[in-house]
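Structure first, then comments.
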Amino acid sequence: MMMNDVLFVGGLAMAAEVTLAGLRGEAEVDTLDVIASARSLRLLTDDAIAKLVRRARIEHQSWAAIGTALGTSRQAAFERYATDAEREPSTEEHAVRLPVASARGVARTFLDAFFTREFKTCHMLSDPQLARGLPEPVLATLLESIRQDLGEILEVRESRITPYGSMQIVDTPVVLSRGTRIVRVVVNQLGLAGGFFLLASKVDLPVDEGDE
């Protein structure tokens, strides 16, 4: 789980705890605080769903499947959560993407900077949303957590790339002393990282597509 996901979960748990305490009528809980917590819970839940839908699309889940998970129709899910790029007709066939070699270079530079604690470089290579979501203290905590769980890096292997809309999804196997993980960097058409994920150790890596 990424550190920003952990922070979301912590915020949801805190808001839910105060809301439930108010619903139970616990005397020490102020009703106005409960109302504020319930509102925060709703906002955090909406935000979490939007982030999870975005992740599902990166994982190639269909809008029909997402709609089913949300208890709504494919069209309703698309209209609420689709990005501007996905709303363009024939996005997959005609999207302008960064060349494969360039996307691979951006992802590798991002990973090298992350694992050597050059977090300012990570931010220079990130779009504004990712940079805001992963400030330097969060990146430092995430790196320390990875090293505590998996040890030191032994090898960074060749990445594989999947085109998705206007983005290139770059999956890179990273071998550590106590395990291997796939690190995913999503690179947009401007050559900036728009997503950063630590995946499971066993992932079916796609075959390269696109012109070098």
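Here, each number is a calculation from the coordinates, and none is a lab measurement. Treat the numbers as computed from the prediction; the structure is a model and nothing was measured. Counting neighbours? That spans all protein chains shown, and the Cβs are built from the backbone with ideal geometry, glycine included.
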Subject >> Stretch gain in nm, segment Arg108-His60, where the contour uses 0.36 nm per residue and the Cα spacing is subtracted >> reply: 15.0 nm
Subject >> Rg followed by Dmax, in Å, when the range 42-86 is reduced to its Cα trace >> reply: 9.8, 27
Subject >> Inter-label distance, nm, simple model (7 Å from Cα along the C-beta direction), Arg74/Val175 >> reply: 4.3 nm
